[in-house]
Amino acid sequence: MRLYPLAYMAGLLPLLTINLTWLLAADAGQVAWCIPYIESCTSISATGRSPPASFVFKGLMIPAALLLMLYWLLNAQWLRQLGSRQRNWHNALVVLGLLAGPGLIFHVLLLGEDSALYRQPRHWGVAVFSVCTFFAQVLFTALLQRLPLRQPGLRRRVRRRLLWLWLLLLLDILIGLANVLSGQLSPTLYAALSNAFAWNFMLLLCLHVILTADLWYRTDWRATLSTKHPD
């Protein structure tokens with residue numbers, strides 16, 4: 001059984017979910033009609049706070065988080081099978097991936113709760129997901145660059161795509177941090193730009209997973225199911 005469809009689903013499902021819930025929320029008049037990646041008109045969380053979009057957001061994003069956890073488990077195994085011998089770093093990759101998933105699920109479950117009591121824990125959940133996923137992708141990209149070139153599906157130009165994507169992700173983070181700092185001087189500027197950075201950050205995270213799925217496809221990675229016959 002080839003495994004690349006699972007990785008494609010892990011990257012596409014969260015991306016499709018946030019865009020679908022934005023369309024539903026905008027149609028219901030709960031958020032503005034705009035291009036959130038550019039116009040920074042609404043946060044990702046705002047698209048999934050109220051019905052009917054909230055049902056779709058929770059119904060799809062929780063399975064997406066579980067898929068991403070499985071994706072990171074398989075990624076570590078994939079690197080080992082390709083010849084990577086950095087066992088400790090593989091374990092770190094799995095730990096980061098397994099922490100990111102519950103962070104996202106925690107955020108999704110608390111989304112829509114009006115009490116101020118839940119606001120900070122909800123932010124912690126999405127922060128854990130974002131930070132752990134980012135560093136998992138940093139580690140994965142570094143391990144991938146160190147693999148030997150004997151695999152025909154892993155030529156240097158193919159691996160560079162992930163490296164360039166990670167650099168774009170880092171640039172988005174740096175600009176976002178600069179915007180946070182500038183927000184101390186101009187809260188209006190911060191409010192006008194912060195949501196767009198979050199949308200683009202999520203887009204780049206998902207594209208990283210999708211590009212990895214392409215690598216799984218190029219290397220023809222498969223799982224084999226077998227049974228043991230009784231004596």
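Of note:
- Residues that are over 20 Å from Ala213 (Cβ atoms) and either in contact with a Leu (Cβ under 9 Å, 6 or more places away or on another chain) or assigned to a loop (DSSP other than H, G, I, E, B) (or both) within the stretch 85-95 comprise Arg85, Gln86, Trp89, Ala92, listed in sequence order.
Okay, residues lined up against (1) at pLDDT 75 or above; (2) touching a Leu at 6+ places or on another chain (Cβ under 8 Å); (3) crowded, with 18+ Cβ neighbours inside 10 Å:
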{"site": "Leu181", "(1), (2), (3)": "no, no, no"}
{"site": "Val209", "(1), (2), (3)": "yes, yes, yes"}
{"site": "Arg218", "(1), (2), (3)": "yes, yes, no"}
{"site": "Arg222", "(1), (2), (3)": "yes, yes, no"}
{"site": "Lys228", "(1), (2), (3)": "no, no, no"}
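- Residue match in the stretch 25-42 (condition: of a type in the set (Phe, Trp, Tyr), crowded, with 17+ Cβ neighbours inside 10 Å and closer than 30 Å to Trp216 by Cα): no
- Residue identified as buried (at least 20 other Cβ atoms within 10 Å of the Cβ) and at pLDDT below 95 among Gly48, Gly11: Gly48
- As for the stretch 26-43, it holds no residue that is within 18 Å of the chain's Cα centre (by Cα), farther than 18 Å from His208 by Cβ and free of Cβ contacts under 8 Å to residues at least 60 places away in the same chain.
- Filter result for Val95 (in contact (Cβ under 8 Å) with a residue 12 or more places away in the chain, in contact with a helix residue (DSSP H, G or I) (Cβ under 9 Å, 6 or more places away or on another chain) and among the aliphatic types (A, V, I, L, M)): no
- Some residue of the stretch 3-14 being of a type outside the set (Phe, Trp, Tyr) and either over 30 Å from Ala223 (Cβ atoms) or in contact with a strand residue (DSSP E or B) (Cβ under 8 Å, 6 or more places away or on another chain) (or both): yes
- Elements of type helices (runs of 4 or more DSSP H) in the stretch 1-84, at least 2 residues being charged (D, E, K, R): 53-81
- The number of residues in the stretch 71-104 that are within 24 Å of Arg122 (Cβ to Cβ) and surrounded by fewer than 20 Cβ atoms within 10 Å (Cβ to Cβ) comes to 4.
The values are calculated or read from the model by the stated rules, or taken from the named source; none is laboratory data. Since the structure is predicted, the reported quantities are computational estimates derived from the model, not experimental observations. Every residue, glycine among them, receives a Cβ derived from its backbone with ideal geometry; neighbour counts consider all protein chains shown.
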